[in-house]
Amino acid sequence: MRIGVYPGTFDPITLGHLDIIKRGARLVDRLVIGVTTNPAKSPMFDLDERVAMVEQAISDIAGASVVTFDALLMDFAAEQGASVILRGLRAVADFEYEYQMAGMNQQLNDEIETVFLMADVSLQPIASRLVKEIARYGGPIDKFVTPEVATRVAAKVAGEGRR
Ligand code: ADP
């Protein structure tokens, strides 16, 4: 049985992430989406909210499940019994960071392979950071996230406005 881990912050999950998850799920028997705490990124959503959004978004994807982790990625992946780590690649901007991380992870555990996937061309520019920025300025985000996520982002932005 081939197990893959797709790690990320997912703050929030976008249609770009979801496309990578669908593509990844076809490559492995079981795909574990690992949501990191990542306090360094000061997430808009707490861990439970991010997990709930991922859970809802993947409900119809066979073999996909979601787990949180606050550890070294390679340790988490090994613990899950994964042989593959999936990452999405957008443009050149992602490359350097992903290249360096995959290289260091390879040094940490050479048994687990990092595999890069590209989202559908129409979904490639989507980034959680920009979704939040657009929403904070009152722009529409329904082309970038599921309706459930759009509702949650709107509620969060309204809450920020009241503070
Ligand atoms: P991280 O904080 O680990 O970068 P993210 O949630 O931002 O977590 O992203 C998780 C992974 O999904 C990363 O590999 C990122 O490059 C990828 N990704 C995000 N958005 C897209 C997209 N629109 N197309 C392809 N890959 C994407």
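Per-residue ellipticity at 222 nm computed for the chain from its helices equals -13500 deg cm²/dmol, with DSSP H segments shorter than 4 residues left out and the rest contributing -39,500 (n - 2.57).
When each of the peptides 94-105, 141-152 is scored by how many other beta carbons lie within 10 Å of its residues on average, the order from highest to lowest is 141-152, 94-105. Sort region 3-124 into rounded, prolate or oblate with this rule: let a ≥ b ≥ c be the square roots of the eigenvalues of the Cα gyration tensor; rounded if a/c is under 1.5, and if a/c is not under 1.5, prolate when a/b is larger than b/c, oblate otherwise. Judged from the Cα gyration tensor, region 3-124 comes out rounded (a/c under 1.5). Given their separation in residues at 0.36 nm each and the Cα-Cα distance between them, Phe95 and Asp70 gain 6.6 nm when the chain is fully extended.
None of the figures in this text is laboratory data; all of them are computed from the coordinates on show. Keep in mind it's a predicted model, so treat the numbers as computed, not measured. Every residue, glycine among them, receives a Cβ derived from its backbone with ideal geometry; neighbour counts consider all protein chains shown.
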